[in-house]
Amino acid sequence: MKKIKTAIIGAGFIGKAHLEAIRRLGYVEVVAIGQSNEKHAEAYAKSLNIPKAYGNYMDLLQDDEIEVVHNCTPNHLHYEINKQTLLHGKHLLSEKPLTLTSSEAKELYELALEKRLITGINFNYRQFPMVQQLKNMVNDNDLGEIRIIRGSYLQDWLLYDTDYNWRMEPEFGGETRALSDIGSHLFDLVQYVTDLSITEVLADLSIVHPIRYKSSKSGAFSDTNDSLKQVDIKTEDYCSVLVRFSNGARGVFTVSQVSAGKKNALEINLDGLTSSGTWKQEEPFKLQMGYRDKPSETILRDPALLKKKALPYLHYPSGHEEGWTDSLKNTMQHFYDAVFNNYETPADSVATLKDGYQAMLINDAVIRSVKSGTWEAVVSV
């Protein structure tokens, strides 16, 4: 079998996660790594057993052997690298956000349509088996018409004022932070599972630490002997958004990066006229179902119990649980299935550049709502 040759630009946490997931497929070979300079690229390539190293992504894009590019760089680099990847005729899987602005996202969305390449954004929570089970239960009307949608995405890695990261700086992370960093996952997931669009938002946000302290050496706090630099923070630590959906349903979503004890607590709750369903990322192997006239129940990740359309997202027997790394593997599987078979688009579980553009339009509406203090309409792609 001919192997698809791919490259990863950016070898931080998420780049290495992409690499591991790709290698599980068996028919895709990571042949190059791109980093900020040649020395770093060569060091990463050697440590990860990758044959080629590039210190300049434009040199990487001119490598004719490379068919696919994974953009795993910091947010502010997404637009230009994504654009150049498409212009060089290579398939693209980008980390979110697609860009820092909706105008840039629109340009990339239209360019992808023109180039007719396989593209995607890593909204990997779509790929969990129990998310697929819940989506198919909604499609089969098992919950009745969805009328209320509640969700949250809570973390605590920025709880202290000595916690600092480049994402806090608007020029690197964008005008919003908690919202675009983790809220984008939440908004994407509920729209994907319910097949409903967010049409209006009313938002409130808070900068819990208006002043933070970062290390003068590394950019992040290290110890009490480190000299610290005071930094004014302009992006939110917390945000809650009231939401209206295309079918008239209502919702409320909360995102926070300062909630103690919450490591990666993504949760969605769908309240239908027949029953309710809850999925939690930190307990990904089960769904909690609620009813008015009979006891609540727990549905476990078991190939013998799930709907047929959810089965392609399961790979192991019941009790052999599949989690976050497996959701990435599923993303790669469905993305590369389209590349290998020359499909026009991947399976709908792979978020498109259109989805990335729509995410930026939701972000714009939230920003307008915070400034106006009123409901703001979300522009639809």
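Since only H334, I362, T352 are under comparison, the one whose Cα sits farthest along the positive direction of the charge dipole of the stretch 320-363, derived from C-beta charges on Lys, Arg, Asp and Glu, is I362. Excluding same-chain neighbours fewer than eight residues apart, the lysines reachable from K106 by a Cα-Cα span under 26 Å are K83, K90, K96, K115, K234, K354, K371.
Accessible surface for the chain, divided over its residues, is 44 Å² per residue with a 1.4 Å probe. Between the stretch 134-152 and the stretch 283-357, what is the separation of their alpha carbon centroids in Å? For the stretch 134-152 versus the stretch 283-357, the Cα centre distance is 16 Å. Can you pull the percent of the chain's accessible area that's carbon plus sulfur, 1.4 Å probe, other chains left in place? Summing carbon and sulfur atoms, their accessible area is 50 percent of the total for the chain. Simple rule: put +1 on each Lys or Arg Cβ and -1 on each Asp or Glu Cβ in the chain, find the dipole, and look at L242, S296, A11; the Cα lying farthest toward the positive end is S296.
Here is what passes the span test in the chain: the DSSP H helices with alpha carbon length of 18 Å or more along the helix axis and a Kyte-Doolittle mean of -1.0 or above are 102-115, 324-340, 353-372.
Please compute the alpha carbon radius of gyration of the stretch 131-182, then divide it by the globular-protein estimate 2.2 N^0.38 Å. Two decimals is fine. Cα-based Rg divided by the globular estimate yields 1.77.
Restricted to Cα atoms, the stretch 154-213 shows a radius of gyration and a Dmax of 13.9, 42 angstrom.
Using the alpha-carbon positions of the chain, Rg (one decimal) and Dmax (whole number) come out as 20.9, 65 Å. Taking a point 7 Å out from the Cα of W324 in the direction of its Cβ, the residues of the stretch 99-141 whose backbone N falls within less than 18 Å of it are 122-131. Computed over the stretch 250-381, the alpha-carbon pair-distance distribution with 10 angstrom bins reads 9, 25, 35, 24, 6, 0, each value a whole percent. Taking amide H atoms as placed 1.01 Å from N in the peptide plane, the amide H of K96 lies under 5 Å from those of N122, each 5 or more residues away in sequence or on another chain. Size descriptors for the stretch 1-70, from the alpha-carbon set: Rg then Dmax equal 11.0, 34 Å.
In the stretch 117-158, the ratio of gyration radius to Kirkwood radius, Rg to Rh, stands at 1.09 when only Cα atoms are counted. Per-residue HN-Hα couplings for the stretch 53-62, Karplus 6.51 cos²θ - 1.76 cosθ + 1.60 at θ = phi - 60°, whole Hz, x for Gly and Pro? Coupling constants for the stretch 53-62: 9, 10, x, 9, 5, 5, 5, 4, 5, 8 Hz. Under a Gaussian network description of the chain, with springs only between Cα atoms under 10 Å, the residue in G34, G323, G151 that fluctuates furthest is G323.
The values are calculated or read from the model by the stated rules, or taken from the named source; none is laboratory data. Worth saying up front: this structure is predicted, and the values here are computed from it rather than measured. So basically every Cβ, Gly included, is an ideal-geometry build from the backbone, and we count neighbours across all protein chains shown. These area figures cover heavy atoms from the full protein model, side chains too; ligands, DNA and RNA do not enter into them. Shrake-Rupley method; radii C 1.70, N 1.55, O 1.52, S 1.80 Å.
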